[in-house]
Structure formats: structure tokens, C-alpha cells
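Only one structure is covered here, and it is reproduced in the block below.
The values are calculated or read from the model by the stated rules, or taken from the named source; none is laboratory data. Model, not experiment: these values are computed from the prediction. Cβ placement follows ideal geometry from the backbone for every residue including glycine, while neighbour counts extend to all protein chains displayed. Please note that ligands, DNA and RNA were not included when accessible areas were found on the heavy atoms of the full protein model with its side chains. Shrake-Rupley method; radii C 1.70, N 1.55, O 1.52, S 1.80 Å.
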Amino acid sequence: MVLEMAEKTKRHPLYVPDIATITETENLTTTEKKFVIRFDDKEKRDSFSFLPGQFLEVTVFGIGEAPFSIPSSPNLKGSFELCVRNIGSVSGAMHKLPVGAKIGIRGPFGKGYFPYEKMKGNNVVIIAGGLGLAPVRSLIKLILEDRKSYKGLTLIYGCVEPNLLLYKDEVKELKKRDDIDVMLTVDRPDASWKESVGVCTNLIPGLKYLPEDTYAVVCGPPIMYRFVMIELEEKKYKPENIFLDMERRMECGVGKCNHCHIGDKLCCVDGPIFSLWEIKNLKEAL
Ligand SMILES: Cc1cc2nc3c(=O)[nH]c(=O)nc-3n(C[C@H](O)[C@H](O)[C@H](O)COP(=O)(O)OP(=O)(O)OC[C@H]3O[C@@H](n4cnc5c(N)ncnc54)[C@H](O)[C@@H]3O)c2cc1C
């Protein structure tokens, strides 16, 4: 299908999206919406696979294309999910699409992913801020689906307000489990809030995991990274075991347009997941 289309339009196959259908939507908050997507082409549907932390380029026809992470489990077959914040032209247009609408998908892209294989036999701490829960959700699911291969698992998730927490019901269920420690925090609590108050950095000093056998994963707004790094370095967690989702403004997704430089790296092809070791000396990184 892509090859036929590429031939017809004289475009390189990397730039031709596969057609997919929105099969389900759900409002997660007033600004974020979950989409369940299914490729129309059976061959594509059956062969599609991705690694946690990789992303897709999504086309809303007649509007444009934007990159989005894949929050569903890589083990889920037949469909995948997106979580889209309504912030601009493509995301806004996507929010208006009904179930049954067609979109275009390129990818998955990104060489850098969360190294879930290397994490086996170790503790994993996942620190997410706001929309940052979406990209790490695929890693959380993957670990929980093979829970015995890992040691401790902690999720620190911070938001501005309780009503902005993503996947609320799911997070509530995670809190009930004894094989994952979930710590929640908000900047502005409401009367019913019973968890921590303040930024998620405040919860890092309380972590019990030792540097020898701990991996950390960080995803959230750019401002969060510098402060989280200070706390993780204070815990002496190894820079090569700290992984950051470095989302940058990008267009092509395939290393051509050069819009997403971080020093001498390109976020789309070298990332978007980098170890702190790889990027700590790059000026534009943190
Ligand atoms: C790897 C990756 C994964 C992502 N995953 C997700 C995800 O899972 N969910 C999600 O909701 N978003 C995700 N994003 C962010 C998403 O791609 C952007 O929000 C994108 O801009 C949405 O496209 P748009 O056309 O709706 O917005 P636009 O119309 O492009 O505008 C979006 C916002 O960006 C601002 N903006 C425009 N140009 C620039 C610029 N050059 N530099 C900085 N800001 C600019 C605009 O002012 C506006 O506030 C991801 C981004 C990357 C790089």
C-alpha cells in the first residue's frame, strides 16, 4: 500500500503514511483524549510492532502531521493507543475526529527507547510529570506484564491539579497493587486530595533503591528535568542508568529536516529516549 502510494505520488516510502481508523475515543481530562487506532491494511496491522518510548507521526488529512508517543503496551496486537493533548492545529483537529475517521500513520520512529531488557533484574523508578505519563505508560505495562523479571517498581507521578491526572482509573488500580509503588503529587490539591502536595522532585529523596541495581526513567515538561536530575544524582544513580524522554519540535521524524537537534544529536533518530550519560554534556539538553 505504502509502496504503491509512494510510486503514484513520487514520494519516498518513508514519507507516505499508512491509513488507519480511529476505533474508540475517551476524554481523559478536559484537554487530553485517548484514541484507539487500527491500521486498515491487515498486513500492516499484523506486522506492526514498536518499542516503549518510540513515537509515530500522525497525519490529520488536510491539516498536517505531528509526532505522538504510543502509550499502549507493545504486547497489544491489532491496535494501539495515542494520548493527545489539544494544543494546536493537528492535535485540535484530531480531537474533533469521530470514531470511524481515517488518519495517516508513519513510524514507529526513534532509535532510543526505554531499555526494558537491560532493566531486568533491577529496580525501576519511573518519574512522570503531566502528559509525561503517556510515553512511560507503555514501559509500565511491559514491566507489569513480565513483573517477575524485575525487582522494585516505583511510579512517581506529578500533575498541577488532581483533575489533570491522566488515566485516573488505571492509576487508582495501580495504587491497589503490591508489586508497584505509586506516589502521586499535585501542585494545587482540592479538598478530596489525600496524596502528596508539591513537585515530584520532593518524592525522590524517599526512594529506597540503591544505585547498583536501579534504573530511572524521566518524562515530563522540560523544566522538570534539571531538578529531577539534581535529585537523582544526589541518590548517586548512574547516568548510564537514567533515561530521559527528550521531546523536541520535529517535522519529518527520519533525520532529514534537522528541526530537532540537541547538540550533535537528532532527537527523532538518535532519541527521543537518551541516557543521561549520552546527553549530560550537551548544552541544549537540560
Ligand atoms: C517524540 C514526541 C512525542 C510526543 N508525544 C506526544 C503525545 O503522546 N501526546 C501529545 O499530546 N503530544 C505529544 N508530543 C507533542 C506534540 O507533537 C506537539 O504538541 C505538537 O505540536 C502538536 O501538533 P499541533 O499541530 O497540534 O500543534 P502546533 O499547532 O504545532 O502548536 C503546538 C504548540 O507548540 C507551539 N509551537 C509551535 N511552533 C513551535 C516551535 N518551533 N517550538 C516550540 N513550540 C512551538 C505552539 O505555539 C503551540 O503552543 C510529542 C512530541 C514529540 C517530539
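Around the amide H of ASP181, modelled in the peptide plane, lie the amide H atoms of LEU153, THR154, LEU155, all under 5 Å away and 5 or more residues distant in sequence or on another chain.
Backbone geometry of segment 180-187 corresponds, through the Karplus equation with coefficients 6.51, -1.76 and 1.60 at θ = phi - 60°, to 3J(HN,Hα) couplings of 8, 9, 10, 10, 10, 8, 10, 6 Hz, x marking Gly and Pro.
Of the accessible area of segment 186-253, computed with a 1.4 Å probe over protein heavy atoms only, carbon and sulfur atoms account for 56 percent. Phi-derived couplings, Karplus 6.51 cos²θ - 1.76 cosθ + 1.60 at θ = phi - 60°, listed residue by residue for segment 211-224: x, 4, 10, 9, 10, 10, 10, 10, 8, x, x, x, 4, 5 Hz, with x used for Gly and Pro.
Database remark: amide H of TYR150 closer than 5 angstrom to the amide H of GLY121 (H placed geometrically; neighbours at sequence offset of 5 or more, or on other chains; Pro and chain starts carry no H).
A Förster radius of 35 Å combined with the Cβ-Cβ distance from LYS176 to ILE230 puts the calculated FRET efficiency at roughly 0.65. Ordered by solvent-accessible area of protein heavy atoms (1.4 Å probe), largest first, the residues TRP193, TRP277 come out as TRP277, TRP193. Taking ARG147, ARG249, ARG11 and ordering them by how much accessible surface each has at a 1.4 Å probe, largest first, produces ARG249, ARG11, ARG147.
Separation of segment 41-115 and segment 141-213, taken as the distance between their Cα centroids, equals 25 angstrom. Using the Cα centre of the chain as origin and beta-carbon charges of +1 (Lys, Arg) and -1 (Asp, Glu), tell me which of LEU76, ILE126, LEU28 is placed farthest towards the positive end of the dipole. So the residue we want is LEU76.
Computed from phi, the 3J(HN,Hα) profile of segment 166-171 under the Karplus parametrisation 6.51, -1.76, 1.60 (θ = phi - 60°) reads 8, 6, 3, 5, 5, 5 Hz, with x in place of Gly and Pro. Counting heavy atoms of the protein chains alone, ASP264 has an accessible area of about 120 Å² for a 1.4 Å probe. For the residue pairs LYS33/LYS208; LYS235/LYS265; LYS96/LYS148, the alpha carbons lie more than 31 Å apart in LYS33/LYS208; LYS96/LYS148.
When the solvent-accessible area of segment 2-46 is split by element, carbon and sulfur atoms take up 50 percent of it, the probe being 1.4 Å.
If a/c stays under 1.5 just call it rounded; otherwise compare a/b with b/c (prolate if a/b is bigger, oblate if not). Do that for the chain, with a ≥ b ≥ c from the square roots of the Cα gyration tensor eigenvalues. Prolate, since a/c reaches 1.5 and a/b exceeds b/c.
Accessible surface of ASP179, taken over heavy atoms with a 1.4 Å probe and every protein chain present, rounds to 40 Å².
Excluding ligands, DNA and RNA, the accessible surface per residue across segment 75-114 is 44 Å² with a 1.4 Å probe. Around the amide H of TYR215, modelled in the peptide plane, lie the amide H atoms of ASN123, VAL124, VAL125, all under 5 Å away and 5 or more residues distant in sequence or on another chain. Shape class of segment 50-199 from the Cα gyration tensor (axes a ≥ b ≥ c, square roots of the eigenvalues): oblate, since a/c reaches 1.5 or more and a/b does not exceed b/c. The label point for LYS96 and the one for LYS111, both projected 7 Å from the Cα toward the Cβ, are 3.9 nm apart.
A cysteine counts as unpartnered when no other cysteine's C-beta lies under 4.7 Å of its own; in the chain this applies to CYS83, CYS159, CYS200, CYS219, CYS268. Note: relative contact order over the chain, using C-alpha pairs below 8 Å and six or more positions apart, is 17 percent.
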